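The next block holds one structure in the form of structure tokens; read it before the comments.
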Amino acid sequence: MPADFEALLSKLERRKPERLKKDSETYKIMASVFDSSTLLTLYHMINRGVFDIFYGVVSTGKEANIFCALDKRGNYVAAKIYRISTSNFRNMYRYLAGDPRFRRIQRERRQIIYSWASREFKNLQRAYEAGVAVPRPIDCEKNVLAMEFIGEEGAPYPRMKDVSPRAPRRMFEKLFEAIKVIYRRAELIHADFSEYNVLLTPEPVLIDFSMATDIANPMCDELLMRDLGNLVRYFRKLGLKTPEPVELFSEVKGK
Ligand SMILES: Nc1ncnc2c1ncn2[C@@H]1O[C@H](COP(=O)(O)OP(=O)(O)O)[C@@H](O)[C@H]1O
Ligand SMILES: [Mg+2]
């Protein structure tokens, strides 16, 4: 076992508060899922106070695991940790190459995944600064991203996939407005917009900006149309009358 790994675990053990009984379970998961370099990154972030204790796994996705943690001050934070060994870095490379901000990235697996996490962080910063309801970005080091936790007492708010909005018309309009502001003010396209990536507080919060790309991406129009198509599909299924995606597209573009 690498020395860094041991140091990390002993540090985590020391911080383990009595009231969080599940902690050691969480750390065991982390130690088995992540390579030692990721654990070292977590250790750096713990030293910066970004994370203090890890609370539990919130989600195990295709590329990343999301944990609920507490920061040094006791606030909930979400840790999105991209797995180095099981991420589809070839796909990531393809998507990054279309984004003018990341044209020059290296082809090495680790570097691609770091760029992927860093792009998601930058996307969140841009969307957040544009005033869109997204998790506040906190920090990013290598493959680990820290952001505001959108939930209560360590449980994330439900996805729009799991609960139907009470006022569909209003929700549709809010989400369309969000897509428009992301495009116009943040100059981004979410590119993975769907009911899976909207949390309801019950106000909508857009998450998962890992696919979001600059509007200068040559695929921009296609990606925007797909996002709007998903928006329309979801609300039509609820029985809402909506404009056609292509009409929404023109409105976003201001043409
Ligand atoms: N900032 C956050 N606060 C609370 N829960 C979150 C946050 N980000 C993600 N989650 C939870 O993790 C799940 C997966 O996150 P997401 O960013 O969509 O990752 P993936 O790339 O795996 O789809 C979400 O559906 C949500 O339940
Ligand atoms: Mg997602």
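The values are calculated or read from the model by the stated rules, or taken from the named source; none is laboratory data. Just so we're clear, the structure is a prediction, and the values are computed from it rather than from any experiment. Quick reminder, even Gly has a Cβ in these numbers, built from the backbone with ideal geometry, and neighbours come from all protein chains shown.
Of all the numbered requirements in (1) part of a strand (DSSP E or B); (2) hydrophobic (A, V, I, L, M, F, W, C); (3) within 16 Å of ligand 2 (Cβ to nearest atom), Cys140 misses one, and that requirement is (3). Here's a check for you: in segment 55-76, which residue that is more than 20 Å from Arg119 (Cβ to Cβ) and hydrophobic (A, V, I, L, M, F, W, C) is farthest from the chain's Cα centre (by Cα)? Out of the qualifying residues, it is Leu70. Does Arg184 count as surrounded by 14 or more Cβ atoms within 10 Å (Cβ to Cβ), among the basic types (Lys, Arg) and away from ligand 2 (no atom under 16 Å from the Cβ)? Against the criterion (surrounded by 14 or more Cβ atoms within 10 Å (Cβ to Cβ), among the basic types (Lys, Arg) and away from ligand 2 (no atom under 16 Å from the Cβ)), Arg184 qualifies. Among residues of segment 68-88 being more than 18 Å from Phe209 (Cβ to Cβ) and not in a loop (DSSP other than H, G, I, E, B), the one that is farthest from ligand 2 (Cβ to nearest atom) is Leu70.
Looking at segment 81-98, can you tell me whether even one residue there is out of contact with any strand residue (DSSP E or B) (no Cβ under 8 Å at 6 or more places or on another chain), surrounded by fewer than 20 Cβ atoms within 10 Å (Cβ to Cβ) and in contact (Cβ under 8 Å) with a residue 40 or more places away in the chain? Yes: one or more hits. Condition test on Met160, is it within 11 Å of ligand 1 (Cβ to nearest atom), surrounded by 17 or more Cβ atoms within 10 Å (Cβ to Cβ), assigned by TED's automatic domain parsing to the domain that holds Asp52 and not acidic (Asp, Glu)? Criteria not met by Met160. Could you go through segment 99-115 and let me know if any residue there is under 18 Å from Phe193 (Cα atoms) and more than 11 Å from ligand 1 (Cβ to nearest atom). Yes: one or more hits. Tell me yes or no: at least one residue of segment 118-131 is crowded, with 18+ Cβ neighbours inside 10 Å and outside any helix (DSSP H, G or I). Taking every residue of segment 118-131 in turn, none turns out to be crowded, with 18+ Cβ neighbours inside 10 Å and outside any helix (DSSP H, G or I).
The residues of segment 193-251 that are among the hydrophobic types (A, V, I, L, M, F, W, C), away from ligand 2 (no atom under 16 Å from the Cβ) and under 19 Å from Phe121 (Cα atoms), listed by number, are Ile215, Ala216. Restricting attention to segment 168-207 and to residues that are among the acidic types (Asp, Glu) and within 16 Å of ligand 1 (Cβ to nearest atom), the residue that is nearest to the chain's Cα centre (by Cα) turns out to be Asp192.
Could you tell me how many of the residues in segment 158-194 are assigned to a loop (DSSP other than H, G, I, E, B) and of a type outside the set (Asp, Glu)? Walk me through how you get there before you give the answer.
So in segment 158-194, the residues assigned to a loop (DSSP other than H, G, I, E, B) come out as 158, 160-167, 185-187, 190-194.
Adding the requirement that they be of a type outside the set (Asp, Glu) leaves 158, 160-161, 163-167, 185-186, 190-191, 193-194.
Of the residues in that region, 14 qualify.
Scanning segment 195-252 for residues that are closer than 26 Å to Lys62 by Cα and either of a type in the set (Val, Ile, Thr) or assigned by TED's automatic domain parsing to the domain that holds Arg136 (or both) gives Val198, Thr201, Val205, Ile207, Thr213, Ile215, Val232. Taking Ser115, is it of a type in the set (S, T, N, Q) and within 17 Å of Ala212 (Cβ to Cβ)? The answer is yes for Ser115. Please verify whether Lys142 is over 20 Å from Thr201 (Cβ atoms) and within 16 Å of the chain's Cα centre (by Cα), treating the condition exactly as stated. Criteria met by Lys142.
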